[in-house]
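Values quoted throughout were computed directly from the atomic coordinates according to the rules given, and no laboratory measurement underlies them. Owing to the predicted nature of the structure, the values given are computational and were not obtained by experimental measurement. Positions of Cβ are backbone-derived with ideal geometry, glycine not excepted, and every protein chain shown enters the neighbour counts.
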Amino acid sequence: MTLIKSISGIRGTIGGTVGDNLTPIDAVKFASAYGTWIKQQRDKENYRVVVGRDARISGEMIQNLVMNTLVGLGIHVIDLGLSTTPTVEIAVPMEHADGGIILTASHNPKQWNALKLLDANGEFLNGVEGAKILALAESNDMAFAEVDDLGEITINDAYIDLHIDEVLDMELVNVKAIEKANLKVVVDGVNSTGGIAIPLLLERLGVQAVKLYCDPTGHFPHNPEPLKEHLTDLSQAVVKANADFGIVVDPDVDRLAFMDETGEMFGEEYTLVACADYVLSKTPGNTVSNMSSTRALRDITEKHGGTYEASAVGEVNVVNLMKKNNAIIGGEGNGGIIYPESHYGRDALVGVALFLSLLAEKQMKVSALRASYPNYFMSKKKIQLTPELDVDALLVAMENKYAEEKLTTIDGVKIDFANSWVHLRKSNTEPIIRIYTEAPSQTEADDLADRIISEIKTIANI
C-alpha cells in the first residue's frame, strides 16, 4: 500500500495506516493545506473552489471529506459530482473560482485515489506552488473558520453538458461533416465518467454510440490504462458491431485511444499525431509533446511547416513549453490532447471531436488513416536497481558514453540517433530507471532497449 506526495497532488491506496496510505486523515490534511494555500494567494472576502470526481468506489467518501474540509476553512465549494478532469478544468475559470480539485487516480486500479490540484486558471500547479502545499501539509500551520464564516456547498451537475457545448463551439469541429458521415462507434468508458461524457458528445454530433462498460460504478472491468493488452473486449465489440472504430478513455477522461474498424489499435501515441495533423492543416503552427512521445509528431509538424519541441515529462511541463513556443496543439503520447483553443489541459472530449472532424473530412477508414502516418514503434522497459546505487551517477555515465550523439538532459537523458531514440528517466519513488525507446520496427525498439539495459548493468556492475 502506498502514499505518494508530489507537486501535482497526493495519490495513494485506500485503507491502511495514516501517512502510508490515502486515509481519511490524509485526505483532510492535504485538502486543508490546499485550502490554506488558496487563501494565501490573495486577500478577499469569498473564496471558491470547484470539486469533481471520477466514478471510483472511494470517490464519494474522499470528495465529501475534501469538500467539508474546505467548508471548514471558510471556502465555498462548487460540487460537480461525477465529472471528468477536463470538465473540472474548464469549470474553474467559468465559475471565476480560485482553484479546483479533481478526485481521481487517472489510469491506476480501483484501490487508488488522488487529489489533483488546480490553480485559478484551471491548470495544474507548477513545482513551486505544489511544494508550498506539501510544506503546509507537514507544518500543520492552518487556521480554520469560525462558525459564522464557514463555507457552503453548491451542487452544479450541468458542467458535462457545458463542456460539450464548449467543444462543439470550437471553430475546427466540423459538426455538419461528422453528422453527414453517419458513423458508428463503440465506446469503452471503463465504468467511469467517460461512460457518461463520451456517449453524450457523440449523440450531439450525430454519431451512433455502442456502449461498452459505460455504467459509472467504479468497478473497472479491466486494467483502466488504455493499452492494447487490456482492450480485447473493445476489439471484439468493434468487429461484432461492424463499427467504424472504437474509443477508449481512462477513468478521468484525459487520455484517449482509438481502435480501427478491424479491431486493431490505432496506437495511443498516434492520437495526438492525428489530431495535430487535422489542426495544423487548418491553422499551421508549432507543436509540443514530452520527450517520451513519438517522433511522428515532429514529422507531421514539419510537414505542415511548423516547429516541434519536446518538454520534460509531465503535463505542467508540456503546458509551460506550449505557452513559451506559442504551440497551437500539444500533449503527451499517452493519448493526452492539449488544445489551447479550448484550455491548457489534456482533454479526451476535445480529442474525439477533432479526430471525428478529420475522419469525416477525409472520408477514409481509420486503418487507412493510421497507415498514412510515419510508422514508429516503441518499447517501454525498466531496470530495477538496488537502493544503494547512485542512479544520477549512472545517468551521467550514459550521457558521457553517448556524448557524440544528440543529447537532451532536461529530464533524465534522451539520446537521439539518426533513426531511433532512447530516453532514460529515474523514478522519483523507487530505485528504477525507465527506458523508453522508439525505432522503425518493434524488433529494433526492443533490441535498443535491451542493449541500453545491458550497458547500464555493466556500468553498475550488477
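Values computed for the structure shown
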item	result
Net +/- balance of residues flanking Leu150 in space, Cβ distance below 15 Å, scoring K and R +1, D and E -1	-3
Segment 78-107 and segment 1-71: distance between their alpha carbon centers, rounded to Å	13 Å
Label-point separation in nm, Leu407 to Ser441, each point 7 Å along Cα→Cβ	3.0 nm
Fewest-first ranking of Cys214, Cys275, using other Cβ atoms within 10 Å as the exposure measure	Cys214, Cys275
Calculated FRET efficiency for the pair Thr232/Met170, C-beta based, R₀ 35 Å, to 0.05	0.55
Gyration tensor (alpha-carbon) shape descriptor, segment 163-371, a/c threshold 1.5	prolate
Gyration tensor verdict on segment 3-157 (Cα atoms; rounded if a/c is under 1.5, prolate if a/b is larger than b/c, oblate otherwise)	rounded
Mean Cβ neighbour count within 10 Å, used as a protection proxy, ranking 139-146, 330-337, 9-16, 432-439 highest first	330-337, 432-439, 9-16, 139-146
FRET efficiency for Val239 and Thr17, using Cβ-Cβ distance with R0 set to 56 Å, rounded to 0.05	0.75
Exposure proxy order (Cβ contacts within 10 Å, fewest to most) of His219, His96, His107, His304	His96, His219, His304, His107
Neighbour-count ranking [beta-carbon atoms within 10 angstrom, fewest first] of Ile164, Ile133, Ile410	Ile410, Ile164, Ile133
Charge dipole magnitude, Cβ of K and R +1, D and E -1 - the chain, Cα centre, debye nearest 20	780 debye
Nonlocal Lys pairs with alpha-carbon distance under 23 Å, segment 163-371 (8 or more apart, or different chains)	28
Antiparallel bridge percentage (DSSP; both residues within segment 163-371; nearest 5)	35 percent
Contour excess over end-to-end distance, with Cα ends at Met364 and Ile459 and 0.36 nm allotted per residue	29.2 nm
DSSP beta bridges in the chain [antiparallel fraction, %, rounded to 5]	55 percent
Separation between Cα centres of segment 228-285 and segment 384-446, rounded to whole Å	29 Å
Cα gyration tensor category, rounded, prolate or oblate, for the chain with a/c compared to 1.5	oblate
Rg to Rh, two decimals, where segment 377-460 supplies the alpha carbon set and Rh follows Kirkwood	0.94
